[in-house]
Amino acid sequence: RNGVFHFNHVTRPVTNQLDFSFKFQTWKIKHKAIIGNSSAFLDRKTLYGKVTTGQSATDISAIQPNNLGERRVEINRIRAYKEFVSGFYFQDWIDFSDRFKILLGLRYDYFSGEYDPKSRLLTAPANPDKGSYGNFTYRGAVSFQPVKNFLTTYISASSFFKPIRSYDARTGNLFKPESGFPAMSGWRVPLETGCQWRLYWRQARPVSER
């Protein structure tokens, strides 16, 4: 009755990406900007049940199964989770001159999730573990040519926020989102040779408190 056909998944994802890029000028300073939003919603259910054949309700063997007649499926348990993530962002590439440019960006992300800690009867009320997070991240960069059309120096830094679509099955607690701080600096010449260094920091995934 609980053979190889004892579950199936029903997944309903919805995603959307919308952005708008434009140019403008403040006095003699040129701007290339982009503003937008990315969102995703996921509704997933795993259904469990028993598989029987005919009137005798004989077990179906997973090894060399025989054709025992009509196969019947009785769905009686479910495990579900829902997730929603949305991010709003703005970025501006600022040209002060042909030799000096700056990149500025800001983003806000929101994440929420509901998870059944284990499968439950279809008739049982849902009591999911819930969690939600929101966070601002940024990015910035500077590019400067001390020798016009030959030598370019640059430096950049940013922060990141990454929701973790998982939870601790032992406690039912959701994992906190990952966060970090990467940075990079270097110089470049037209032959694509040069030197750069990188600094990268990343926070582990501690379990959130209930």
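The values are calculated or read from the model by the stated rules, or taken from the named source; none is laboratory data. All figures in this text were calculated on a predicted structure; none of them were measured in a lab. For neighbour counting, all protein chains shown are included, and Cβ atoms are generated from backbone atoms with ideal geometry for every residue, glycine included. Please note that ligands, DNA and RNA were not included when accessible areas were found on the heavy atoms of the full protein model with its side chains. Shrake-Rupley method; radii C 1.70, N 1.55, O 1.52, S 1.80 Å.
Assorted remarks:
Yes/no matrix, rows are residues, columns are (1) in a strand (DSSP E or B); (2) open to solvent by less than 30 Å² (accessible area, probe 1.4 Å); (3) of a type in the set (S, T, N, Q):
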| position | (1), (2), (3) |
| --- | --- |
| Lys101 | yes, no, no |
| Leu106 | yes, no, no |
| Lys118 | no, no, no |
| Pro125 | no, no, no |
| Gly131 | yes, yes, no |
| Phe136 | yes, no, no |
| Gln145 | yes, no, yes |
| Ser156 | yes, no, yes |
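- Residue match in the range 24-47 (condition: outside any strand (DSSP E or B), at pLDDT below 80 and out of contact with any Lys or Arg (no Cβ under 7 Å at 6 or more places or on another chain)): no
- In summary, Ser56 fulfils each of the numbered conditions (1) of a type outside the set (A, V, I, L, M); (2) at pLDDT 60 or above; (3) open to solvent by 60 Å² or more (accessible area, probe 1.4 Å) with the single exception of condition (2).
Residues are listed down the side, and each one gets a yes or a no for (1) more than 27 Å from Pro182 (Cα to Cα); (2) within 23 Å of the chain's Cα centre (by Cα):
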{"site": "Glu74", "(1), (2)": "yes, no"}
{"site": "Arg77", "(1), (2)": "yes, no"}
{"site": "Glu83", "(1), (2)": "yes, yes"}
{"site": "Tyr89", "(1), (2)": "no, yes"}
{"site": "Leu103", "(1), (2)": "no, no"}
{"site": "Ala141", "(1), (2)": "no, no"}
